[in-house]
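Enquirer: The structure follows.
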Amino acid sequence: MSPTQPLSLVIATRESRLALWQAEHVQALLRARGHSVSLLGMTTQGDQILDRSLSKVGGKGLFVKELEVALEEGRAHIAVHSLKDVPMDLPAGFALACVMEREDPRDAFVSPRYASLDALPQGAVVGTSSLRRQVLLQALRPDLRIEPLRGNLDTRLRKLDEGNYDAIVLAAAGLKRLGLQDRIRTEFATSDMLPAAGQGALGIEIRSDRQDLMEALAPLAHQESWLTVTAERAVSRSMGGSCSMPLAAHGRLVQGTLHLEAAWGDPDGRTPLVRASASASAPVATLAAADALGVEIAARLRAGGARGVDPVAG
């Protein structure tokens, strides 16, 4: 294949410090390959609505809609997303062109006073607005008070430092990307806090008719990360998952075998966590097989009592 011709590109990005880091990271990689790249900073609805949980105002798609409009109108050519914020099904005319190498997918325990979740006193206040984290924390420590926490990464850390919480739970990837790894007191084992689908991975979205962009972005793709997040996102899609569903999914590729685990929890605490796991061996570790593995795991979750949403019925 002949080298991709240099392109003049605009990246649509949210304007939070972490989103800008992500966009600038992609910008640097593309510039190193000879492309001319600028950024178009945007504020999304998800960034503006901070007084209500995402599950009550439209879900994580609120973080990507304006960026997709910029792609549709030609004001930008690519959009860089934290993949866990991207809806499982993209609108018609859009495609996920690239999944980049994943950062640490785990959740991080952050606290100015306590070294770990186990060290928290009874009744301590832990901040998170993720239903997934809420149900997993409740399974580990049912005595804790889980309180809402919205805002970008810096806002969440500030609220912690102001004494509103004894601890908060954040994605380790964001802290590490911004050089804030010293704020991490401990990283949760995935056996205790299974990550969200796509957590720690960056996805690049384009208009589906831009084959030239598909080719230009191909060198940035990381196939192992793409396989694992494809399986994770298939679980969520098959369950009808969104930020209003307490669902976790995490894949690992080990010596050519794709291992996938998932968990569903009842936010009301009436039923215990439902867990499921399965593997696909090397000869079938393709994107299609990864997707099929995710569908299988979703079926096992439902069989175990997890309550999904019919993707057709909505």
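Enquirer: Going from most exposed to least, what order do MET193, MET88 have by accessible area with a 1.4 Å probe?
Expert: MET88, MET193
Enquirer: If we count every other residue with Cβ under 13 angstrom of ILE168's Cβ, Lys/Arg +1 and Asp/Glu -1, where does the sum land?
Expert: Numbers: positive: ARG113, ARG133, ARG145, ARG150, ARG156, ARG158, LYS159, ARG183, ARG185; negative: ASP107, GLU147, ASP154, ASP161, GLU162, ASP166.
Overall, the nearby charge balance is +3.
Enquirer: With everything on Cα atoms, drop me the angle between helix 17-32 and the longest principal axis of the chain, reported from 0 to 90° to the nearest 10.
Expert: That helix lies at roughly 30 degrees to the long axis.
Enquirer: Place a point 7 Å from Cα of ALA303 in the direction of its Cβ. Which residues in region 248-292 have their backbone N less than 12 Å from it?
Expert: Counting backbone N atoms under 12 Å from the label point, the list is 276-278.
Enquirer: Please work out how much accessible surface SER277 shows to a 1.4 Å probe, ignoring ligands, DNA and RNA, in Å² rounded to 10.
Expert: Looks like 70 Å² after rounding.
Enquirer: What is the sum of charges around GLY265, taking Lys and Arg as +1, Asp and Glu as -1, for the other residues whose C-beta is under 11 Å from the C-beta of GLY265? Intermediate results must be reported in sequence, preceding the final value.
Expert: Working: positive: ARG132, ARG133, ARG270, ARG275, ARG307; negative: ASP266, ASP268.
Combined, the nearby Lys, Arg, Asp and Glu give +3.
Enquirer: Per residue, what accessible area does the chain have, given a 1.4 Å probe and all protein chains present, in Å²?
Expert: Values: 13860 Å² over 314 residues.
Roughly 44 Å² per residue, with all protein chains present.
Enquirer: Kindly state, as a whole number, the per residue volume in cubic angstrom of the convex hull around the alpha carbon atoms of region 201-273. Numbers along the way, then the final one.
Expert: Details: hull volume 8.6 nm³, N = 73.
Residue-normalised Cα hull volume stands at 118 Å³.
Enquirer: Straight-line reach only, C-alpha to C-alpha below 19 angstrom: list the aspartates and glutamates that LYS176 could link to, leaving out same-chain residues fewer than 8 apart.
Expert: GLU15, GLU24, ASP85, GLU101, GLU103, ASP104, ASP107, ASP154, ASP161, GLU187
Enquirer: Out of every Cα-Cα pair in region 203-245, what percent are more than 17 Å apart?
Expert: Details: 455 of 903 pairs.
The answer is 50 percent, as a whole percent.
Enquirer: Also, quick follow-up: Which angle between 0 and 90 degrees, to the nearest 10, do you get for helix 223-239 versus the longest principal axis of the chain when only C-alpha atoms count?
Expert: Around 60 degrees separate the two axes.
Enquirer: Using the Cβ atoms and a cut-off under 11 Å, what net charge is assigned to the surroundings of ALA306, where Lys and Arg are +1 and Asp and Glu are -1? Each step should come with its number before you reach the end.
Expert: Details: positive: ARG275, ARG300, ARG302, ARG307; negative: ASP266.
Summing Lys and Arg as +1 and Asp and Glu as -1 gives +3.
Enquirer: Under the rule of -39500 (n - 2.57) per DSSP H run of 4 or more residues, summed and divided by the residues of the chain, what mean residue ellipticity at 222 nm is obtained, to the nearest 500 deg cm²/dmol? Provide the component values of the computation, followed by the final result.
Expert: Details: 10 runs with 99 residues, N = 314.
That comes out to -9000 deg cm²/dmol.
Enquirer: Would you work out what percent of the accessible area of the chain, with all protein chains in place, is carbon or sulfur (probe 1.4 Å)?
Expert: Working: 6710 of 13860 Å².
C and S fraction of accessible area: 48 percent.
Enquirer: Rounded to the nearest 20 debye, what is the charge dipole size of region 88-188 about its Cα centre when +1 sits on each Lys and Arg Cβ and -1 on each Asp and Glu Cβ?
Expert: Numbers: 15 positive and 14 negative charges, 24 e Å.
The dipole magnitude comes to about 120 debye.
Enquirer: Once the Cβ-Cβ distance between ALA221 and THR190 is put in as r, and R0 is 22 Å, what FRET efficiency do you end up with, to the nearest 0.05? If you can, show how the numbers build up before the last one.
Expert: On the way: r = 24 Å, r/R0 = 1.08.
Computed FRET efficiency for ALA221 and THR190 comes out at 0.40.
Enquirer: Top to bottom by accessible area (1.4 Å), largest first, where do THR43, THR230 land?
Expert: Working: THR43 70, THR230 30 Å².
Per-residue accessible area, sorted high to low, gives THR43, THR230.
Enquirer: With a 1.4 Å probe and all protein chains kept in place, how do TRP21, TRP264 rank by accessible area, largest first? Write down the numbers at each step before the final one.
Expert: Numbers: TRP21 80, TRP264 5 Å².
Descending accessible area places them as TRP21, TRP264.
Enquirer: What does DSSP give for the chain in terms of the percent of beta bridges that are antiparallel, rounded to the nearest 5?
Expert: Details: 30 of 44 bridges.
Around 70 percent of the beta bridges assigned by DSSP in the chain are antiparallel ones.
Enquirer: Right, something else. Could you give P(r) for the chain, binned at 10 Å from zero, as whole percent values over all Cα-Cα pairs?
Expert: Calculated over all Cα pairs of the chain, the distribution is 6, 27, 35, 24, 7, 1, 0 percent.
Enquirer: At 1.002 mPa s and 20 °C, plugging the Kirkwood radius over alpha-carbon pairs of region 141-237 into Stokes-Einstein gives what diffusion coefficient in µm²/s? Can you show the working numbers first?
Expert: Values: Rh = 16.5 Å.
Reported coefficient: 130 µm²/s.
The values are calculated or read from the model by the stated rules, or taken from the named source; none is laboratory data. Everything numeric here is computed off the predicted structure, so don't read it as measured data. Here the Cβ is made from the backbone with ideal geometry for all residues, glycine too, and neighbour counts use every protein chain on show. Keep in mind that these areas ignore ligands, DNA and RNA; they rest on the heavy atoms of the full protein, side chains included. Shrake-Rupley method; radii C 1.70, N 1.55, O 1.52, S 1.80 Å.
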